[in-house]
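One structure is given here, and the rest of the page talks about it.
Values in this text are rule-based calculations from the coordinates and carry no lab data. Owing to the predicted nature of the structure, the values given are computational and were not obtained by experimental measurement. Methodologically, a virtual Cβ is constructed for each residue, glycine included, from the backbone with ideal geometry; neighbour enumeration extends over all protein chains shown.
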Amino acid sequence: MHAPVPWLVLLPLLTGGQYGLAHGVVTSAILSALAYVHGDSTGHLDTLFLSSWGLGALIVGAIAGQFRDVREERMQRSNTLVAHLSERVERAERTGRVMKLSHERLEERLAATRWSLSGSVEVAQRKIAELCSRREIGETVLDVLASQAMVQVASLYWAGSAPLLPMPVATLGASNGGRGLHPLVQRAWKTRRLVAVGDVSEASSGSDGAVLAAAPVITASGHLVGVVAIHQMPFMQFQAEQLRSLLMIVGQLGDMMNDRLLELAQQKIVSARSAVEPARVLTPPPLPKAASKIDMTTTATEVSAAST
């Protein structure tokens, strides 16, 4: 304690730096108590010296312990952050592996399925040939538009040889265009042309924005049989070139749908005729008795005249 260098102060310094603030303070307190007991036993008790020495040891131990506690807290936070980041990295790796597996499965599925426009049209043609409901046939047509023209929500208004029906015969997605004919639909029906938002004044003045574009369904023979109303589609697909492609696909599918509906109508007519014809009894009417006697008399007279 009375040495030029107070080496005992290193003890609370080392203890606080190794174990923290509490250990440094406890060590300095124990050294102060031992110094007081030693001075009291030797009879050289210097209260002022012991107080200053104990206070210095306490300060040294507290400062070293505080630095150690701050370092440990930062290290603990760093470990917690590293553990959290490691967990997120592990989850990201698992998600990446799942996405890679999903991509491989998608490639296999695409390789095994015909997703081209011609393939979709052929599949739709086979489906339409097996269906008997106008709604189911229209839904098949709209499914092709969804897969090949990126149409998200659409409605099919059909007329055939009659006026255009106010209610759609088939819908794709959550369509809200069932409250009568939209102005764009009426314009496409009257002009026989593809119309879109911005092409007519009705789209901004008298409509509710439920229809973005309307494509007339014109058969190869030039007959207008319906209108396809587009309610939702991606912004990047809403371009003139894409809309022209949509019109071409609609015309091709419209021919299939019109031919199938005409075939179904003819089948109904034939079945109705076949149900009526067996009811008729095809038997010759009987001859009257008077007429038969006259014929017999006339025949006998002719025979006798011939013999004469």
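What to note about this one:
- Footprinting exposure proxy for His23, His182 (fewest neighbouring C-beta atoms within 10 Å first): His23, His182
- With bins 5 Å wide beginning at 0, the percent of Cα pairs of region 117-275 falling in each bin runs 1, 10, 20, 23, 21, 13, 7, 3, 2, 1, 0, 0.
- Surrounding net charge for Glu87, when Lys and Arg each add one and Asp and Glu each subtract one, Cβ distance under 12 Å: +1
- Listed values for region 89-96 are Karplus-derived 3J(HN,Hα) couplings in whole Hz (6.51 cos²θ - 1.76 cosθ + 1.60, θ = phi - 60°), namely 5, 5, 5, 5, 5, 5, 4, x, and x replaces Gly and Pro.
- Charge tally for Ala220 (other residues, Cβ to Cβ under 11 Å; Lys, Arg +1; Asp, Glu -1): -2.
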